[in-house]
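What follows is a single structure, written as structure tokens, with notes after it.
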Amino acid sequence: MLSFKPIEVKDRDIITSFTIPSEYKNCDFSFANMCSWRFFYDSEYAIVDGFLVIRFWIEDKGRIAYMFPVGNGNLSKVIDLMEADSYANGHPLCILGVTPDSKQTLEKYLPGDFIYIPERDYFDYIYLREDLAFLKGKKFQSKRNHINKFKNRYPYEYIPLTEEIIPQCLELESKWYHANRTKEDVEDLQHENRSLVFALQHFKELGILGGAIAIEGQIAAFTFGSPINHNTFGVHVEKADINYDGVFSLINQEFASRIPEQYIYVNREEDLGLPGLRQAKLSYNPAILLEKSAVVKRRDNELKETADEKATDHQPMAKCVQ
């Protein structure tokens, strides 16, 4: 039996004791993401037989789902426990954000037991830290030109994220929110704002690193992120005053150049199917476009058709955008 408890700031050490040593690079395993979005998903965790299991609610909290279990031991037993828990809550087992390496593991231990539904809008964009920090080579020429144009126009200062500048960051976020909200996305932006404010107010406890661009003493852009695993750093938020042409390119490079060198990769999360965001993230030449799938477990061969129908009804998990 799985015994879950809500994810809280104080759980950072126990949760990251599983996620940081792992090879999983997807942004969902960032503790800062889990904790700052808990209000939206009612996210909970359980430790069982050497595995960390995360569960949460989707589809307006009408259906329960899980992340891929992290740990070592008898995976089949843990999947059985997850399936029993899911059926106790009224649904076949659904695991979100399943990457190719996780799929390979599932097929090794439970071949043919799962239905996989790739979700392109939720693929993670993962870059080499050195590429973002130095922008070397012909493929980054336009990025360098954009940054140089900014530097020639504006005297600026890069400032690490500290308690002292958080009020200015929140002020910029408020301006961005009111300038960008529409009737169609006001609810999504409210959720994003709530997550962002929580993360900034608890940035030390969440293990968040960040920085800002200041022009004449005013914050023109800020960004922050946190470790996902031992070699991958996640960038969760990037906000800027678009009146300063090139400021997004600049904050991206400035922050990447200060991410600790132990992190080979930088995960800049999903594009959520937004054409402009997709184009922007592809323009930085990701080293990995990390495929993620929604996965539903068949209860038995006779129920395959029913499981297929339920799987196609799935609505993907929302995420913080940049």
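The values are calculated or read from the model by the stated rules, or taken from the named source; none is laboratory data. Predicted model only: the values in this text are computed from it and were never measured. For neighbour counting, all protein chains shown are included, and Cβ atoms are generated from backbone atoms with ideal geometry for every residue, glycine included.
Conditions (1) farther than 15 Å from Q218 by Cα; (2) surrounded by fewer than 12 Cβ atoms within 10 Å (Cβ to Cβ); (3) in contact (Cβ under 8 Å) with a residue 40 or more places away in the chain, marked per residue:
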| residue | (1), (2), (3) |
| --- | --- |
| Y125 | yes, no, yes |
| A133 | yes, no, yes |
| K136 | yes, yes, no |
| K139 | yes, no, yes |
| I147 | yes, no, yes |
| P160 | no, yes, yes |
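Quick test of your reading of the structure: R181 fulfils all but one of (1) in contact with a Leu (Cβ under 9 Å, 6 or more places away or on another chain); (2) touching a residue at least 40 places away in the same chain (Cβ under 8 Å). Name the failing condition by number.
(2)
E261 - would you say it is among the acidic types (D, E) and at pLDDT below 95?
The answer is no for E261.
Any residue at all in the stretch 291-309 that is at pLDDT below 95, within 21 Å of the chain's Cα centre (by Cα), within 22 Å of T99 (Cβ to Cβ) and crowded, with 16+ Cβ neighbours inside 10 Å?
The answer is no; no qualifying residue exists.
Among the residues of the stretch 122-133, write down those that are in a helix (DSSP H, G or I) and more than 18 Å from A212 (Cα to Cα).
Y122, R129, E130, D131 - these are the residues of the stretch 122-133 that are in a helix (DSSP H, G or I) and more than 18 Å from A212 (Cα to Cα).
Residues being assigned to a helix (DSSP H, G or I) and not acidic (D, E): count how many of those fall in the stretch 72-115.
Number satisfying all stated conditions: 19.
Sort out which residues of the stretch 148-166 are over 24 Å from the mean Cα position of the chain (by Cα) and not hydrophobic (A, V, I, L, M, F, W, C), and write them in order of number.
If the condition is that a residue be over 24 Å from the mean Cα position of the chain (by Cα) and not hydrophobic (A, V, I, L, M, F, W, C), then N148, K149, K151, N152, R153, Y154, P155, Y156, E157, Y158, E164 are the ones that fit.
If we scan the stretch 21-44, do we find a residue that is at pLDDT 95 or above, hydroxyl-bearing (S, T, Y), more than 27 Å from E270 (Cα to Cα) and part of a loop (DSSP other than H, G, I, E, B)?
no
What's the number of the only condition in (1) among the polar types (S, T, N, Q); (2) surrounded by fewer than 19 Cβ atoms within 10 Å (Cβ to Cβ); (3) within 21 Å of D188 (Cβ to Cβ) that S36 fails to meet?
Result: S36 fails condition (2) only.
Would you mind stating whether G273 is exposed (fewer than 15 other Cβ atoms within 10 Å of the Cβ), touching a residue at least 40 places away in the same chain (Cβ under 8 Å) and either assigned to a strand (DSSP E or B) or within 20 Å of the chain's Cα centre (by Cα) (or both)?
yes
Given the structure, is D80 out of contact with any strand residue (DSSP E or B) (no Cβ under 9 Å at 6 or more places or on another chain), surrounded by fewer than 22 Cβ atoms within 10 Å (Cβ to Cβ) and not hydroxyl-bearing (S, T, Y)?
Yes, satisfied.
Counting just the residues of the stretch 24-33 that are under 24 Å from E83 (Cβ atoms) and out of contact with any helix residue (DSSP H, G or I) (no Cβ under 7 Å at 6 or more places or on another chain), which one comes out surrounded by the most Cβ atoms within 10 Å (Cβ to Cβ)?
N26
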